[in-house]
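Okay, structure first, notes after.
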Amino acid sequence: GQQLNQSPQSMFIQEGEDVSMNCTSSSIFNTWLWYKQDPGEGPVLLIALYKAGELTSNGRLTAQFGITRKDSFLNISASIPSDVGIYFCAGPHNTQLTFGSGTQLTVLP
Amino acid sequence: GAGVSQSPSNKVTEKGKDVELRCDPISGHTALYWYRQSLGQGLEFLIYFQGNSAPDKSGLPSDRFSAERTGGSVSTLTIQRTQQEDSAVYLCASSLSGTGVLPLHFGNGTRLTVT
């Protein structure tokens, strides 16, 4: 099946710093999604990207859909403690949503 | 209304026993998904329901796993003769339709521990 390679696996950053994570695939996706999962909860959709080259912002979050349709990145600016969690990229494959393995973000005070 | 509700939130069972996990999707959502999340891993697709039928059950890892959905609403995931490798968080998600799979609304999961 489809595989999404997400990096880095984990990040430790200081509060206030910017952070960037990305996702690549060997196959083309027509949609890229970014989810965040807080401890003990299910993932929540942060940003959806529908068009190659699209750059979309949601508050301090910015995500881009790569021109080749095989990659996407997520940036978080001016990180705060509540940004802690696991960030997943995802893309639809037939009727499924395929998820990357996640980036565990820790924000240090 | 309420979001996706899953029960129990935690389940500890002995190896070899059967378990049943329940999912109440958002009212009106026709598509329902089950995923499995092992410690430190991403989400592994198990099965997709559209209404009461399951057009894609390709992710079920073995014949010990089964799922059903009744009334186009509640779904149960059953694991028979549980094994230790079944320990994981089982997440349910629902969506207005399964065509674009967007957006998926997840429950908080059932954490299954097989001892």
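Values in this text are rule-based calculations from the coordinates and carry no lab data. Small disclaimer: the values here were computed from a predicted structure and weren't measured. Reconstructed Cβ throughout: ideal geometry from the backbone, glycine too, with neighbour counts over all protein chains shown.
Remarks
- Of everything in region A:78-106 that is in a strand (DSSP E or B) and of a type in the set (A, V, I, L, M), the residue that is nearest to A:THR31 (Cα to Cα) is A:ALA90.
- Unique match (being surrounded by 17 or more Cβ atoms within 10 Å (Cβ to Cβ) and among the small types (Gly, Ala, Ser)) among B:GLY109, B:GLY28: B:GLY109
- In the set A:SER72, A:SER79, only one residue is touching a residue at least 40 places away in the same chain (Cβ under 8 Å) and either under 30 Å from B:PHE49 (Cβ atoms) or within 14 Å of another protein chain (Cβ to nearest Cβ) (or both); that residue is A:SER72.
- Looking across region B:46-65 at every residue that is hydrophobic (A, V, I, L, M, F, W, C) and buried (at least 21 other Cβ atoms within 10 Å of the Cβ), the one that is nearest to B:SER87 (Cα to Cα) is identified as B:LEU46.
- Residues (charged (D, E, K, R) and within 27 Å of A:PRO8 (Cβ to Cβ)) located in region B:1-48: B:ARG36, B:GLU44
- Every residue from region B:21-43 that is under 17 Å from A:GLY91 (Cβ atoms) and either more than 10 Å from chain A (Cβ to nearest Cβ) or among the aliphatic types (A, V, I, L, M) (or both): B:ALA31, B:LEU43
- Hits in region A:31-67 (condition: surrounded by 14 or more Cβ atoms within 10 Å (Cβ to Cβ), over 13 Å from A:CYS89 (Cα atoms) and within 11 Å of chain B (Cβ to nearest Cβ)): A:GLU41, A:GLY42
- Those strands (runs of 3 or more DSSP E) lying entirely in region B:44-115 with at least 1 residues more than 8 Å from chain A (Cβ to nearest Cβ) and among the β-branched types (Val, Ile, Thr): B:75-79, B:88-95, B:110-114
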